[in-house]
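The values are calculated or read from the model by the stated rules, or taken from the named source; none is laboratory data. All of these numbers come straight from a predicted model, not from anything done at the bench. All Cβ positions, even for glycine, are placed from backbone atoms using ideal geometry, and neighbour counts span all protein chains on display.
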Amino acid sequence: MTIITTERKLARCKIGLMRNKKFALMSGLLMVGTTSIVDGLPTARTNGRDEEYGRAFVDGMSEIEVSFVIMHECFHKMYQHLTTWRKLYDIDASLANQACDYVINLELKELDPAEQFIAMPRDKAGKNMGLIDAKYKGMNTKQVWDILRKEQDEGKQGGEGKDGKPGKGGKGDSLDDHDWEGANALGKEEKEALAKEIDQAIREGIANDKKMNGDKAGDLARRLGLLMEPKVNWREVLRDWVKNTARGRDTSTWRKPNRRFLHEDVIMPTMVSTKMGSIVVAVDTSGSIGDKEMADFLSEVKGIADEVAPERVELLYWDSRVAGHETYEGGAVEMITQSTKPKGGGGTSPSCVSAYLRDKAIVPECIVVLTDGVVGGDWGSEWTAPILWCIIDNTSAVPTHGLAVHITTDVQITKE
C-alpha cells in the first residue's frame, strides 16, 4: 500500500480543486501566497495571503474534508476578511472569528450541498467541526457579528476567545485559526500588492468561467462578480434616479414664447415643469441600520425633495409591518431629519410596505426603500410605482423588482 505524505495529500487536493469544473475559476486565488504544513498547528490558518495547515489535522481528514478547509482559507483571502474586519476583531476577537466562519461555511455548503467534492470536517461523533447556521444566509460578516454580539449581551453566549483577546464569544467551534496579527504585520506595499493580486485572480477566474460556460454563470462565478462590481456613489445614483423617474409634470404655456422659434417669427409655447406628486420613502427599522446611516439617508432625501419639489414626502418605517407613517408637505420637508420619530424593530418583510400602499391607495411618483436586504426572498409585490432599493452592506441582496444601489458603510463601532 502506497503511503501518501501530508504534503502530497494537500497538494493533490489543491490540484483536484483547480481541475474541478465547479471550482476551477478559483485557481488563481488558490495560488495566491505560500502553502505549508506545520507540525503542532491544531487546525489551519491564513494571514490573508499565506496558508498553513497542521500536519495531524490534514492527516486525520478525508480528501473532500481537506478540500473544504482549503476552500475555507481561500474564501478568507478572497473576501480579505483579515483586513476588512480588523475593527471587529479589535473589539471582540472571538466574535469576529465566528462571524467570518459562519459566512464562509454556509456559502461553501451551498456550493456543494451533496458533498461530492467538498465536505465540512466532522469529528468521530459525526458533529460538524466548523460553525454553520442557515439563519445567516445572505448576510455579511458585520451583520452576523451584530447578531452574535446582541446574543452575547443578552447572556446567550459565554467564555473567552481562543486567542486570549477580550471577548465572550465562545459559541461553537472554529474550523481554523485566523492570523489577524500576521495580516496586520504585512507592510503597506505588501498589502497593496496582495490586494492587486487577489483582484487580478478574481477577474481571471470570471473571464475563464465565461469562456467555459458563456453567460450561464454558476453560483460561485456570480459571487465573484459581485466582488468586482464598481463602487458607486449611492447619493448620486439616488438623486439621478429620483429626478429622472419622478420629474415634474411638464405642461405648456403661451405666456412665455419659446425663444428657439422667435427668429423665424413663429410663436410657440414654452414647456414648463410643475410640481410633482408624492414620493414614498420606506425605511427598514428591523435593527441592522444604525442611526448614522439613517440620518445620512434622510438628509439626502431632504436634499432631493428640495430639488424636485414633491407635493408630499410619505415617510414609512417598517419591519414585519408598517410601524410608522409620517407625511411632510411644503416647508415641513425642511424639518424631516429633526422631527421624524423612527418606529419598529421586529422582522424584515418588504411585502408589508407594498400591501400598505395598496390598502391606503397611495400611488406616488416613485418609492425609495432603505434596507439591509436580509429579507429571505420577500421583496414585496404589486408595487404602485417605480422602486429603488438602497441596500446597506449586503451586496448579495438582489431585489426581484425595481433597481438596487448598494451602500457600503465604514465599520464605525466603539467599545462599550
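Against the test of being without any contact (Cβ under 8 Å) to a residue 12 or more places away in the chain, surrounded by fewer than 20 Cβ atoms within 10 Å (Cβ to Cβ) and hydroxyl-bearing (Ser, Thr, Tyr), the options THR5, THR35, THR83 yield a single qualifying residue, THR5. Looking across the range 101-126, the residues that are of a type in the set (A, V, I, L, M, F, W, C), assigned to a loop (DSSP other than H, G, I, E, B) and farther than 14 Å from SER67 by Cα come down to ALA114, ALA125. Against the test of being assigned by TED's automatic domain parsing to the domain that holds ASP50, modelled with pLDDT of 50 or more and surrounded by fewer than 19 Cβ atoms within 10 Å (Cβ to Cβ), the options ASP153, ASP176 yield a single qualifying residue, ASP153. Screening SER354, SER349, SER396 for residues that are in a helix (DSSP H, G or I) and either in contact with a strand residue (DSSP E or B) (Cβ under 8 Å, 6 or more places away or on another chain) or of a type in the set (S, T, N, Q) (or both) leaves exactly one candidate, SER354.
Within the option set GLY28, GLY16, being touching a Gly at 6+ places or on another chain (Cβ under 9 Å) and within 19 Å of LEU108 (Cβ to Cβ) holds for one residue only, GLY28. The one condition from (1) modelled with pLDDT under 85; (2) surrounded by 13 or more Cβ atoms within 10 Å (Cβ to Cβ) that ALA193 does not meet is (1).
The single condition among (1) farther than 21 Å from GLY377 by Cα; (2) surrounded by 18 or more Cβ atoms within 10 Å (Cβ to Cβ); (3) of a type in the set (A, V, I, L, M, F, W, C) that ALA114 does not meet is (2).
Report yes if some residue within the range 340-349 is under 30 Å from ILE104 (Cα atoms) and at pLDDT 85 or above; otherwise report no.
First, the residues of the range 340-349 that are under 30 Å from ILE104 (Cα atoms): 345-349.
Remaining after also requiring at pLDDT 85 or above: 349.
There is at least one residue in the range 340-349 that is under 30 Å from ILE104 (Cα atoms) and at pLDDT 85 or above.
Within the range 269-327, being at pLDDT below 75 and assigned to a strand (DSSP E or B) holds for THR270, MET271, VAL272, SER273, MET276.
Does any residue of the range 368-386 turn out to be free of Cβ contacts under 8 Å to residues at least 40 places away in the same chain, closer than 17 Å to ILE279 by Cα and in contact with a Lys or Arg (Cβ under 6 Å, 6 or more places away or on another chain)? Taking every residue of the range 368-386 in turn, none turns out to be free of Cβ contacts under 8 Å to residues at least 40 places away in the same chain, closer than 17 Å to ILE279 by Cα and in contact with a Lys or Arg (Cβ under 6 Å, 6 or more places away or on another chain).
Pick out the one residue from ASP306, ASP359, ASP393 that is out of contact with any helix residue (DSSP H, G or I) (no Cβ under 8 Å at 6 or more places or on another chain) and charged (D, E, K, R).
Testing whether each residue is out of contact with any helix residue (DSSP H, G or I) (no Cβ under 8 Å at 6 or more places or on another chain) and charged (D, E, K, R) leaves just ASP359.
Can you pull out every residue in the range 106-133 that is of a type in the set (Gly, Ala, Ser) and either over 22 Å from TRP85 (Cβ atoms) or touching a Lys or Arg at 6+ places or on another chain (Cβ under 8 Å) (or both)? Correct list: ALA114, ALA119, ALA125, GLY126.
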